[in-house]
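Data first, discussion second: the structure below is written as structure tokens.
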Amino acid sequence: MTNIGIFGANGRMGRRLIEAGIDYPEAKVAAASVRATSTIIGADVGELIGIENYGTSVKEGTSSLISEADVWIDFTLPEALDNHVAQCVKHGKNMVIGVTGISEQQKEMLKKASESIAIVYATNFSTGVNLMHRLLEIAASTMGHTADIEIVESHHKYKKDAPSGTALSMGEAIAKGLNVNLADVAEYNRNGIVGERKQGSIGFASLRAGDIVGEHTALFADIGERLEITHKATDRLTFAKGAIRAAAWLSKKENGLFDMQDVLNFK
Ligand SMILES: NC(=O)C1=CN([C@@H]2O[C@H](COP(=O)(O)OP(=O)(O)OC[C@H]3O[C@@H](n4cnc5c(N)ncnc54)[C@H](OP(=O)(O)O)[C@@H]3O)[C@@H](O)[C@H]2O)C=CC1
Ligand SMILES: O=C(O)C1=N[C@H](C(=O)O)C[C@H](O)C1
């Protein structure tokens, strides 16, 4: 049995993590953390997802709460991440992290933290996207040297970061297949008279509208043919189930930095 703690329990993902955690046979939602200003402190986690009393109360994320779970899951925002990681390192608790839009310094901070705790960090916890990353690497090495490559992502209007973490990871997988550095070939902002497309670049485009859960397409456009690889998430539960699976997988780990492909045994 893995005792799971959830940071940001009242967020869009926080609520789905509670649902997935309660449903997972070998897991218990043992702790749920919210900000000190939250109006749901003291509520039972079951109330957040419309079920009867589950027996775990929502609490302010103090240091003593951290010891109430074995593995903590963080799908909050970049500004909350450093404090959550510091608390988990202090108490020796492993972490599953899905926060996107994090800085290079924060990526380094995760590497450092993983010397003492085990962390699964992934920009997307769905099985389909992690399979897609493998397909993209093959497509890039097969077609990518002559085809024009574009990545298009669509999300709900509340999303704060762009391009999405998944789109950036797709770019990394394609760059790996092409044997180049993403930073050298990425084109993020096209606006005005930008000139003809740069040969060998990987373009990114972001759409924000309504309640789109998350859609990603990689386009490999050659002369006379076009390959499109698309993933569509229609329910956040797919990410939440992946994260709970990662938490259970982590319960046997001491330290190290892993991703969802490690959890799915795709490597
Ligand atoms: N890797 C993956 O598979 C996925 C990743 N994500 C990522 O997860 C993150 C959250 O997404 P989503 O659930 O839609 O966002 P929400 O805005 O719904 O949730 C964010 C949560 O973070 C909490 N929070 C914000 N700032 C702080 C802070 N300073 N300290 C503590 N808690 C804080 C909020 O608390 P409060 O409720 O008080 O506002 C809220 O509970 C994003 O980075 C998103 O990109 C999303 C889906 C899948
Ligand atoms: O913010 C979201 O909603 C999502 N964020 C992740 C990302 O940035 O890729 C994953 C998913 O697409 C949903």
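The values are calculated or read from the model by the stated rules, or taken from the named source; none is laboratory data. Everything quoted here is computed from the prediction, not taken from an experiment. Quick reminder, even Gly has a Cβ in these numbers, built from the backbone with ideal geometry, and neighbours come from all protein chains shown. Each accessible area value is taken on the protein alone, full model and side chains, heavy atoms only, with ligands, DNA and RNA left out. Shrake-Rupley method; radii C 1.70, N 1.55, O 1.52, S 1.80 Å.
If I go through segment 211-234 residue by residue, how many of them are more than 11 Å from ligand 2 (Cβ to nearest atom) and within 27 Å of A9 (Cα to Cα)?
We begin by selecting, within segment 211-234, every residue more than 11 Å from ligand 2 (Cβ to nearest atom); these are 217-230, 234.
Retained after the next criterion (residues that are within 27 Å of A9 (Cα to Cα)): 234.
The number of residues fulfilling the criteria is 1.
Taking the listed residues G165, G210, the one that is without any contact (Cβ under 8 Å) to a residue 60 or more places away in the chain, out of contact with any strand residue (DSSP E or B) (no Cβ under 9 Å at 6 or more places or on another chain) and either within 16 Å of ligand 1 (Cβ to nearest atom) or among the basic types (K, R) (or both) is G210, with no other qualifying.
The number of residues in segment 49-64 that are open to solvent by less than 40 Å² (accessible area, probe 1.4 Å) and under 13 Å from G8 (Cα atoms) comes to 2. Checked against (1) more than 8 Å from ligand 2 (Cβ to nearest atom); (2) open to solvent by less than 20 Å² (accessible area, probe 1.4 Å); (3) touching a helix residue (DSSP H, G or I) at 6+ places or on another chain (Cβ under 6 Å), E153 passes all but a single condition, namely (1).
Residue under question is A173, and the condition is that it be open to solvent by 30 Å² or more (accessible area, probe 1.4 Å) and under 16 Å from the mean Cα position of the chain (by Cα); does it hold? It would help to see each step written out before you state the result.
Working: open to solvent by 30 Å² or more (accessible area, probe 1.4 Å): no; under 16 Å from the mean Cα position of the chain (by Cα): yes.
For A173, the condition - open to solvent by 30 Å² or more (accessible area, probe 1.4 Å) and under 16 Å from the mean Cα position of the chain (by Cα) - is not met.
Under 23 Å from the mean Cα position of the chain (by Cα) and within 24 Å of I229 (Cα to Cα), is that true of A183? Taking the combined requirement at face value, the residue satisfies it. Selection within segment 213-237: residues that are within 19 Å of E137 (Cα to Cα) and hydrophobic (A, V, I, L, M, F, W, C). The member of this set that is farthest from ligand 1 (Cβ to nearest atom) is A221. Residues of segment 218-233 that are within 17 Å of G177 (Cβ to Cβ), within 23 Å of the chain's Cα centre (by Cα) and among the aliphatic types (A, V, I, L, M): A218, L219, I229. Of all residues in segment 1-34, those satisfying the criterion of being among the charged types (D, E, K, R) and at pLDDT 95 or above are R12, R15, R16, E19, D23, K28.
In segment 14-48, how many are part of a loop (DSSP other than H, G, I, E, B) and surrounded by 22 or more Cβ atoms within 10 Å (Cβ to Cβ)?
Filtering segment 14-48 for residues part of a loop (DSSP other than H, G, I, E, B) gives 24-26, 35-43.
From what is left, the residues that are surrounded by 22 or more Cβ atoms within 10 Å (Cβ to Cβ) are none.
Residues that pass the stated criteria total 0.
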